[in-house]
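Inspection log for the structure reproduced underneath, given as structure tokens.
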Amino acid sequence: MQVIIYDDAQQVAQSAAVWVKTLIQQKPDTVLGLATGSTPISLYKELVDEHKKGNLSFANVKSFNLDEYHQIEETNPQSYRSFMKQHLFDHVDIDQSNTYLPTCAIGENPRAQGLAYEEKIKQAGGIDLQILGIGANGHIGFNEPTSSLVSRTRIKTLTEQTITDNSRLFSADEEQPTMAMTMGIGTIMDSRYVLLMATGKNKAKAVLDTVAGPLSAMCPASVLQMHENAVILLDKEAASELADHEYFQWTDEQNKKLNAEFGLFHNF
Ligand code: GLP
């Protein structure tokens, strides 16, 4: 696990963008795993800016999002498809027929839909780089505490805390979904690289549980301790409960030297 602590959220986004951009330049047909939520919005802005400057093309990229609300219309402004269009897809040259979300429409069987999503990821060659945010309760995607650490794409019932945390995004007249389809923790763990972004004080406890353990289904993100290439990008507030800041900074300096010589990625 590589923990990198930045001064602020903007630097976290810029760093995440460098990872994504470097990978796409190295492997133009990258398969990206994408996340929604407030945290990655500034990453997507960086990527859109890079694209507009002519430095980055998504023409051959495929993407798989982590999650989508159950039985929501694609065109609903609250759908994660709408979110992705608003923040990324509509502003870059990605072929939107190569962008996938784990949808389950009314009348569709969520179990069959979950299996089909897994199959689609497999057919694409697997996810090269998965972007993650983290819930205040340690969830990744919508894998709430107690989710199986080897779970695959499936339907999940959201916890009270997640519903409350996300209620800020819904107006009084909008119905807030309480169920969602999500990649499983096993699905996320199959990604070649994982880039988890966390910013703000309200993530500090979840970050502590993720990095310092114990590994537990009560903090789904703690499973990343078992991932070969997990990079945790934090601002100071999200890192505020972690000890060993100096060690992480020292490690980062050493890694920068290695990266300058050998590149950020070692297995593509
Ligand atoms: C949401 C999403 C997660 C996201 C998390 C944190 O419910 N399903 O993928 O990482 O909550 O979101 P935010 O970045 O807005 O804090």
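Quick note: the coordinates plus some simple rules give every number you see, no bench work behind them. Computed from a predicted model, the values in this text were never measured in an experiment. Glycine gets a Cβ as well: all are built from the backbone with ideal geometry, and neighbour counts include every protein chain shown.
Whole-Hz Karplus values for segment 248-263 come out as 4, 5, 4, 4, 4, 4, 5, 5, 4, 5, 4, 5, 4, 7, 10, x Hz, taken residue by residue from phi with 6.51 cos²θ - 1.76 cosθ + 1.60 and θ = phi - 60°; glycine and proline positions read x.
Each Lys and Arg contributes +1 and each Asp and Glu -1, all at the Cβ; summed about the Cα centre of the chain, the dipole is approximately 420 debye.
Within the chain, the longest run free of exposed loop sites, counting GluC sites (Glu not before Pro) that sit outside DSSP helix and strand states (H, G, I, E, B) and have at most 16 other Cβ atoms within 10 Å, spans 1-72.
Each residue, residue 108 and residue 122, gets one label point 7 Å from its Cα in the Cβ direction; the gap between the two is 1.9 nm.
Computed from the alpha carbon positions, the gyration tensor of segment 2-262 leads to an equivalent ellipsoid with semi-axes of 27, 23, 18 Å, biggest first. Kindly list the residues of segment 1-16 that lie in the label zone of residue 244, defined by a backbone N under 20 Å from the point 7 Å along the Cα-to-C-beta vector. Within reach of a label on residue 244: 1-7.
Using the 2.2 N^0.38 Å rule of thumb for compact globular proteins, work out how segment 98-165 stacks up: its C-alpha Rg over that value, please.
1.21
Antiparallel beta bridges, as assigned by DSSP with both residues in segment 2-262, represent about 30 percent of the total such bridges. Taking amide H positions as modeled 1.01 Å from N, with prolines and chain starts lacking one, the residues under 5 Å from residue 6 and 5 or more places away or on another chain are 234, 235, 236. Please sort by residue number the trypsin sites (Lys or Arg not before Pro) in segment 38-109 whose DSSP state is loop and whose Cβ has at most 13 other Cβ atoms within 10 Å. Of the trypsin sites (Lys or Arg not before Pro), the ones in loops of segment 38-109 whose Cβ has at most 13 other Cβ atoms within 10 Å are 53. A Förster radius of 30 Å combined with the Cβ-Cβ distance from residue 252 to residue 53 puts the calculated FRET efficiency at roughly 0.65.
Once C-alpha pairs closer than 8 Å and six or more residues apart are averaged by separation and normalised to the residue number of the chain, the relative contact order reads 25 percent. Give the residues of segment 15-53 whose amide nitrogen is closer than 13 Å to a point set 7 Å from the Cα of residue 268 in the direction of its Cβ. Flagged as within label range: 17-33.
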